[in-house]
Structures are given as structure tokens and as C-alpha cells.
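Shown next, in C-alpha cells, is the structure this report addresses.
Bear in mind that the values in this text are calculations on the coordinates, not laboratory data. All figures in this text were calculated on a predicted structure; none of them were measured in a lab. Virtual Cβ from ideal backbone geometry, glycine too; neighbours counted across all protein chains shown.
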Amino acid sequence: MYACGPMSDRTTLTRRGLFRGVSTAAILTGCVNKSNETGTQTPGVDDASAPGEIGPDAASVRFTLNGKPAEAKVEPRTTLLDALRIDLHTTGAKLVCDRGSCGACTVLVDGMQRNACMTLAHDVAGREVTTVEGLASGGELSALQKAFVEHDALQCGFCTSGMLVSCAGLLRRTKGQTLTERDVKAAIAGNICRCGTYPHIVAAVLDAAESKGA
Amino acid sequence: MERFSIVRLATLKETSARVAEGAGERVIRAGGIDLLDRMKEGLEAPTELVELQSIGGEEGTALRGASEKDGGWRLGALVTLGQIAAMTDLPKAYRALQVAAGEAATPGIRNAATLGGNLLQRPRCWYFRHQDMVCLKKGGDMCYAQTGDHRYHAILGAGPSWIVHPSSTASPLLALDASVEIWDGKASTRTVPIADLFALPTVDPEREHTLSPGEILLSVQLPAPVADQRSAYATAKEKQSQDWPLAEASVRLSMRGGKMSQVRVALGHVAPIPWRAKEAEAILEGKTPSADLFVEAAKAATSPAKPLAGNAYKVPLTHGLLRQALHEATGLAEA
């Protein structure tokens, strides 16, 4: 489904090096998505890297949301956050600063933390988006979410969905590795909690990392 | 944000032509972080965002990739700050750049923000960023920072605008003797020292860079490290994360036989351009590292400074950061 363009051996080596330490998804992000070659899909709608023009009127964008196909008909100016909350009724990601400063809207795009408020909905065509709604499975909270509860890692709760997504991203990227307090602090460096629950969040993430992961 | 279209073209040539035809109305978008910020603030209302991310083939690979050649490195303009910070095969000699890239903004922003966009973002000055303020940078007749609240503004090289250059990768890249590769919009590229990418407000107060309409920044090129090269970056911010620096110092030097050579000192967030401090370089070149010498070099670095009433604190702050970077680069533990 994804394919990189032709590269020399040297380039391959260095590109591999470039992305070592970040998730495989990051490599895919940098490559050309050829899903439209099947001929059944429309460039732009399913593939944010394929040539085409969108707008200014509303147009369809299709992507994977929490493991399921999602489609929204939105104007190019619509942020991913607005498309999620207003069009797709997925309100876990919160609108707070709307400038990428607070992290309340944090989602994972192909496994990487992103601010949904500074991402356009059409940017994620063909990509995988994970919101806090995608962390639990079969109605059961993830180990990370349970750890948040056990460690009382929230007070008002408004930052929590963004915190959870940032931390889930960390746990997925570092599966099998031992995490330190510093790793967790670095991962939530873009998430502001005005209640000051940081120490409990760090403890919860370290606990979840030791037990069962994201 | 006002309504706009997203235009995704496959080649640099088409992309460049599309923007040049509608200058002012059509803008190039890389990661789009600063662009969307300006659009949300009502500073700009382009009718078309012409995407770099859709450029394919070899051009696309070059824009998105990082590669080594003859010991030097080429970083595509679309490589994100997060990717730079995570690279494990970049020589330690370029450490200043990796630290700066990894400390800018937040993890979420660094996953979207590109190297090219970081170098070409607009200033953070609150007068410039205010929709209702028609300052010198927006065609007005004065810089409000000069007599206003200028706590974050320039102490070096300023006037008639007192902005500081907002890029955190610019000062390490200047210290590392980087060049930038620029597509001319038609058929060829030119490579110029990164210092030539930036322009003082005396040249044109409304712009911070020297690119002509239709030109596109393609890559940053780092020369092969000099023998025994070390580099270091030091910054101070009001917040640990999600903040722009108050000041930054970047150094590059070679340590051989206990002496420093090929010394480069660049300062950030103290001038309208990333600021090369040749006065400091001259004091350090060929000398044995010592705390006293670093004090002398730090004072020399800011000797041309002309602080305003509210930002003189940046002078000693810059001293401290440069001393910090020098101690780190040389491994000197005395203090």
C-alpha cells in the first residue's frame, strides 16, 4: 500500500538511520502513498500526498479513525480537530488554545503525536488517526487508562484526553524498553495541565509501562 | 480562517509557477504550523495553499530525505524538527543542531514543523502578531517595539525593526557553516551560505529572508565536520517547553592539542537575524579554553549591543549562555 520512491543504497541507509528511534509510521509518513493506484479511489480524498485541488467548497476526506474507516465532507480550512468534533462527533480531543500551545487536542497521526488544531482535516487523507476514544478496546479501558485512574492522574480532566494520547504514543513507540521519568516528561512536554497533576501522570505512565503497555 | 483551496502539485516547477502567478494570494505550505497560526490570527488570508508535501519523484525524496555525502549532510526542507532530533547517525559534531531541534516548541509541533518552515517562519513579535497593529513589518511607518513593550526584542543589529529572528535552528546552522539550497523557480538551484538567507531590517523591514517570489528552499547542507569538531547549543526560556527562547548561543570549534580553532559563535533571539559574533570568535581562536577566556569572549560577543529600556537583561543572559555553550563544547569543567 505504501511505497518509497527509488533511492540509492546510501540514501536507504541514511534514511533508515534518520528514522531509527521513531516509529515505523514516521517512515510511512515520508513516503508516497500509492493507494489511489487501484483506480477506485479519488486522489486527495484518500491520499493527502497525491496531486489534486480541493476546495474552497467542502470536499470529502477519508481516513482511518480509531481503526475504522471515516469520511467527512469539509472545507479545506476545516481543522482536523473541528472535523473530528463537529462532523464525526468524536469529541475526545478538546478545543482549548486552537494554536498548538496546550496539547488538549493531541491525536496520533500514523502513530505520531500531532496537534489536531494545527492540522487540516484534508491533511490526514489516507492516514491513521487515533484519538482518546481509540485507546480502550471492547469497552475495557487500556492499561494506561486504568493506571490514570489508579494514580488519580487527573483533576478537572480537561487535559486528560490529550495527555492519554501523548502517553499512549510514547508507550507504543517504546514498547519493550524501560522508561524513565524524563521520557514521560518529554512526551507530555506539549500538554498543559492547569490542575498540576503532572507527578501523578508520570507515575501512572511508568506504572503502565512496567505492566502492560498502552 | 477565511476560505481557501488546497493545491497539490507533483513538481517543483508547477508549484513555483502556481505561487508566482498569484503572489500574495497563493502561498507555499510545508508543515504549515506558522502559516496556520498567522491565518488564524487574521494576519494573512491566502486563497490557495500550494503544498510542498505532494511533490513526488526525486524532488520529493530530496525534500523529505536526509543523506550523507563526502562526510557532509543534506537535510531536506521537509524533514521535521522531530526527525532531526531523533536521527541517530548524524555526526556528534552537529550536536548543536540536534539539541536545538529537539528543544523547540513541543513534541506534537515538532512532528509537523519542518526545517524549511522553521527557518522561514515569521517573527513572534506581539505587535506584528496583532491583527490590528499596522507596524513597520506590515507596511506601517513605525516599529512599536522600540518604545513599547520590547522585553523579548533585539539588542543587536536592530533598527528600524526590533524583531528577533524566531528560528531556533538558525543559530546552530550558522555556527555549523551550513548552506541552503534554493530552487530558482525555473530549472536550476543555487547554494548560498545560510547567512545570506537572512536579511537585516535595513534591507527590507517587511521581510526576514532574501528569497525571491517563486524561489523555494529545498535543503540545508551541513559541511563535513572539521577535525575533532564539537558543537553546543544553549538556550534560556521562561518555560521549559512550548516557548520561544529569550536568547540562544551556538558554538562550533575544533579541539586539537588542547587549543580551540575554527571557532564559530552564533547567537539567536537577540537580533533580527541569526547573529554571528566574530568578536568572540577572534578572542577564542587558537587559545586554550579557560573560564576567564570565555568571560572575555562573551563580553566581546555583545560588545556591539544596544539594548532598549526593557531588554538589557538579554546582555548578561547571552553572556551566560555563550559561556555555557563554550564549557559544554570544550568539556571544560572549571568555572
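Observations
- Residue order, fewest to most beta carbons within 10 Å, for B:Tyr94, B:Tyr144: B:Tyr144, B:Tyr94
- Taking θ as phi - 60° and the Karplus parameters 6.51, -1.76 and 1.60, the scalar couplings of segment B:314-331 work out to 5, 5, x, 4, 5, 3, x, 5, 5, 4, 4, 5, 5, 4, 5, 5, 8, x Hz in sequence order, x denoting glycine and proline.
- Sequence-separation-based contact order of segment A:136-211, relative, with Cα cut under 8 Å and 6+ spacing, percent: 49 percent
- Separation of the B:Val134 and B:Ser212 label points, Cα + 7 Å toward Cβ, nm: 3.0 nm
- Ordering B:Leu253, B:Leu218, A:Leu206 from the fewest to the most neighbouring beta carbons within 10 Å gives A:Leu206, B:Leu218, B:Leu253.
- Here the contact order of chain B, divided by its residue count and restricted to Cα pairs under 8 Å and six or more residues apart, works out to 17 percent.
- Scanning residues 5 or more positions from B:Leu218 or on other chains, those with amide H under 5 Å from its amide H are B:Glu181, B:Ile182, B:Trp183, with H placed 1.01 Å from N in the peptide plane.
- Partners for B:Lys239 among aspartates and glutamates (Cα-Cα distance below 15 Å; same-chain residues under 8 apart left out): B:Glu103, B:Glu248
- For segment B:229-330, relative contact order (Cα pairs under 8 Å, six or more residues apart, normalised by length) works out to 29 percent.
- In this Cβ point-charge picture (+1 for Lys and Arg, -1 for Asp and Glu), the protein assembly as shown has a dipole of about 880 debye about its Cα centre.
- Cross-link partners of B:Lys259 among lysines, defined as those whose alpha carbon lies under 25 angstrom from its own and excluding same-chain residues fewer than eight positions apart: B:Lys92, B:Lys278, B:Lys287, B:Lys299.
- 5 Å-binned pair-distance histogram of segment A:61-214 (Cα, whole percent): 2, 11, 20, 23, 20, 13, 8, 3, 0
- In this structure, B:Ala20 and B:Arg151 have a Cβ-Cβ separation that, at R0 = 41 Å, corresponds to a calculated FRET efficiency of about 0.60.
- Reducing segment B:245-307 and segment B:187-220 to their Cα centroids gives an inter-centroid distance of 25 Å.
- Distance between modelled label sites at B:Lys186 and B:Ala291, nm, 7 Å Cα→Cβ extension: 6.0 nm
- B:Val203 versus B:Leu43: modelled label distance in nm, points set 7 Å from Cα along the beta carbon direction: 1.9 nm
- Hypothetical label at B:Val226: residues of segment B:166-207 whose amide nitrogen lies under 19 Å (7 Å Cα-Cβ projection): B:171-180, B:193-196
- When the charge dipole of the protein assembly as shown is built from unit charges on Cβ atoms (+1 for Lys and Arg, -1 for Asp and Glu) and taken about the Cα centre, the candidate among B:Ile33, B:Ala266, A:Gly44 whose Cα reaches farthest toward its positive end is B:Ala266.
- Kirkwood hydrodynamic radius computed over the protein assembly as shown comes to 24.2 Å, based on all pairs of distinct alpha carbons.
- Exceeding the 28 Å Cα-Cα cut-off - candidates A:Lys94/B:Lys137; B:Lys40/B:Lys314; A:Lys73/A:Lys94; A:Lys68/A:Lys175: A:Lys94/B:Lys137; B:Lys40/B:Lys314
- Distance from segment A:186-205 to segment A:126-179 (C-alpha centre basis), Å: 12 Å
- Counting beta carbons within 10 Å around each of B:His269, B:His130 and listing the fewest first gives the order B:His130, B:His269.
- Centre-to-centre separation between the Cα atoms of segment B:100-162 and those of segment B:40-67: 21 Å.
- Only one residue of B:Ala282, B:Pro245, B:Leu120 has its Cα farthest out toward the positive end of the dipole of chain B, where Lys and Arg carry +1 and Asp and Glu -1 on Cβ, and that residue is B:Ala282.
- Within 10 Å of each Cβ in A:51-60, the average number of Cβ atoms from other chains: 5
- Unit charges on C-beta of K, R, D, E only; dipole of segment A:136-211, Debye: 300 debye
- Dipole orientation for segment A:55-134: of the candidates A:Phe63, A:Ala116, A:Cys102, A:Cys102 has the Cα lying most toward the positive pole (charges on Cβ; Lys, Arg +1; Asp, Glu -1).
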